[in-house]
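So the structure is just underneath, and the comments pick up after that.
A short reminder: the numbers here are calculations on the coordinates, not readings from a lab. All values reported here derive from a predicted model rather than from experimental measurement. Neighbour counts run over all protein chains shown; Cβ positions are idealised from the backbone, glycine included.
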Amino acid sequence: MQTTGCGTAIVTPFRADGAIDEQALWALVNWQVESGIDFIVACGSTGEAATLEEDEWLSVIRIVIEAAAGRVPVWAGCTHNSTRTLLRLAAQLRQVKGVSAVLSANPYYNKPTQEGQYQHFLALAKAVAPLPVCLYNVPGRTAANLEPETVIRLIESAPNIQAIKEASGKLPQIAAIVHGAPRSFKVFSGDDNMALAAIASGAQGLISVASNEMPAEVSQMIRAALDNRWDEARDIERRSMRLFEANFWESNPSPVKTVLSLMGKCSDAVRLPLVPPSATTRARLERLAGEMGLLKFAPVEGDLRMY
């Protein structure tokens, strides 16, 4: 896997009736690519993959691939807490032309042991080989942490396990993977606010939430850090940190979609059990977005969105 830099865990826009807004998704992908993002992750946590029907999941991945048109790699999220179901989904994913890698999170709810997670991810890797696999460790959502020792064991067992999105929030854990894995293995921060610290520890990039709203700025921050232009990277981080935090004032991606709606990019609709942010949070988000200059791209009154 040659990919490094900043990837956007892209939202899945919905229309008012709850259907996928394909036009908005296409436009978002095009804006991301034109803004300099390095790759796009479709159907991750921020993409509300857990609430998509299987046909919708495949449709979103296909749309993102078509819209990206080979300009950047597209990774496909493929996660389930039943290994048997995961393998069935993976078989469908192999039929989608243009997928550059598969990103899969810890099995949620089951709280598997390290051996259980090892067997789960190994089965996925074998099912999609030779397609690269990016592990996604997000214990805050799944109640299961993937220990560095298990990551190293997986790397040694399956050559197509080539990256990890690390969202444990534990810098020593990120460093342990960096130091224990082969140099070719890619470690990506899964938290915007830890990206620079992770890169300083040897990570190769970020899979970002905030780049949905600020693709040019966040990708520039990551590129500067990877190029050892730390003053520039820290300046961008300092200007962006409030948004990094605001995106999690309520459950992701509700705040992100609210900001994108204020920018005229898509609606703020999310699927249950998620709901739009409270009126108080929405007012705070609008105030912050205005102070950060994000609303300068908002449509004039009467327009639904800018494409």
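Neighbour counts of C-beta atoms inside 10 Å place M292, M221, M194 in the sequence M292, M194, M221, starting with the fewest. Loop-located chymotrypsin sites (Phe, Trp or Tyr not before Pro) across region 46-132 with a Cβ neighbour count of 13 or fewer within 10 Å are Y109, with loop assigned by DSSP. Measuring between their Cα centroids, region 229-246 and region 22-77 lie 25 Å from each other. Charge dipole (Cα centre; +1 on Lys/Arg Cβ, -1 on Asp/Glu Cβ; no other charges) of region 5-229 amounts to roughly 680 debye.
Comparing L86, N252, G264 along the charge dipole axis of the chain, the residue lying farthest to the positive side is L86, per the Cβ-charge model.
Name the shape class, rounded, prolate or oblate, that the alpha-carbon gyration tensor gives for region 5-229, where a ≥ b ≥ c are the square roots of its eigenvalues, rounded holds for a/c under 1.5, and otherwise prolate holds if a/b is larger than b/c and oblate otherwise. Mind showing how you got there, number by number?
Values: a/c = 1.65, a/b = 1.11, b/c = 1.49.
It is oblate, given that a/c is not under 1.5 and a/b is not larger than b/c.
Taking the Cα centre of region 70-180 as origin, work out the dipole magnitude from +1 charges on Lys and Arg Cβ and -1 charges on Asp and Glu Cβ, in debye rounded to 20. Don't jump to the answer; show the numbers that get you there.
On the way: 11 positive and 5 negative charges, 96 e Å.
Charge dipole of region 70-180: 460 debye, to the nearest 20.
Simple spin-label estimate for E286 and R94 gives 5.0 nm between the two label positions (7 Å along the Cα-to-Cβ direction from each Cα).
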